[in-house]
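Only one structure is covered here, and it is reproduced in the block below.
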Amino acid sequence: MTVTREVAVPLAEIEIRTSRSSGPGGQHANVTASRVEAVFEIAASTVLTDEQRSRLAARHGNQVVAVSQDSRSQARNREQALERLREKLAAGLAVPRERRRTRPKRAARERRLEVKRRTAERKRARRPPTRDE
């Protein structure tokens, strides 16, 4: 299964579990195990580098799990679970871009202060008059 351009996980490393679904197919007359759970053990993977392993572990823990019970068909749920697992792995392996620090422009600072002044004035106007007034 291709996850990113650099990473392709063999299906042998993904454990597929089935059970009775609570949704469609779970209450079927001929009861089937239509709920599919795809489990990927991060530490046991042979295709990931140490950096990729640590990034995935930080985001997902020891394993990445994807579940599907949307369909009555176990085969369709298996496809969906594998696709969801692929999406989770791709998101977990993505390297976030470094943030460039920026400063607010003068106009933005002035707008913020003006809004604060208007809010303070509105609240001041709501107060009951003092004895001096």
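The values are calculated or read from the model by the stated rules, or taken from the named source; none is laboratory data. Predicted, not measured: the structure shown is a model, and the values here were computed from it. So basically every Cβ, Gly included, is an ideal-geometry build from the backbone, and we count neighbours across all protein chains shown.
In this structure, THR2 does satisfy being β-branched (Val, Ile, Thr) and within 20 Å of the chain's Cα centre (by Cα). Just one of the listed residues (SER54, SER71, SER45) is assigned to a loop (DSSP other than H, G, I, E, B) and either out of contact with any helix residue (DSSP H, G or I) (no Cβ under 9 Å at 6 or more places or on another chain) or farther than 18 Å from ALA91 by Cα (or both), and it is SER71.
This table checks each residue for (1) touching a Lys or Arg at 6+ places or on another chain (Cβ under 9 Å); (2) closer than 25 Å to VAL3 by Cβ; (3) surrounded by fewer than 14 Cβ atoms within 10 Å (Cβ to Cβ).
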site	(1), (2), (3)
ARG35	yes, yes, no
ALA38	yes, yes, no
LEU82	no, yes, no
ALA94	yes, yes, yes
ARG118	no, no, yes
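Of the numbered criteria (1) free of Cβ contacts under 8 Å to residues at least 24 places away in the same chain; (2) of a type outside the set (Gly, Ala, Ser); (3) part of a loop (DSSP other than H, G, I, E, B), the one ARG109 fails is (3).
Taking THR46, is it at pLDDT below 90 and closer than 23 Å to THR2 by Cα? Yes; evaluated as a whole, the condition is true for this residue.
Among the residues of the stretch 49-72, those identified as touching a residue at least 24 places away in the same chain (Cβ under 8 Å), farther than 17 Å from THR4 by Cβ and either exposed (fewer than 14 other Cβ atoms within 10 Å of the Cβ) or among the polar types (S, T, N, Q) (or both) are GLN63, SER68, GLN69, SER71.
Out of the residues in the stretch 74-97 meeting the condition of being in contact with a helix residue (DSSP H, G or I) (Cβ under 9 Å, 6 or more places away or on another chain) and in a loop (DSSP other than H, G, I, E, B), tell me which one is nearest to SER19 (Cα to Cα).
Residues of the stretch 74-97 that are in contact with a helix residue (DSSP H, G or I) (Cβ under 9 Å, 6 or more places away or on another chain), as a first pass: 82, 88-89, 91-95.
With the extra rule that they be in a loop (DSSP other than H, G, I, E, B), the set shrinks to 94-95.
Working: ALA94: 31, VAL95: 35 Å.
Per the stated criteria, the residue is ALA94.
Could you tell me whether ARG101 is under 28 Å from THR4 (Cβ atoms), modelled with pLDDT of 90 or more and assigned to a loop (DSSP other than H, G, I, E, B)?
no
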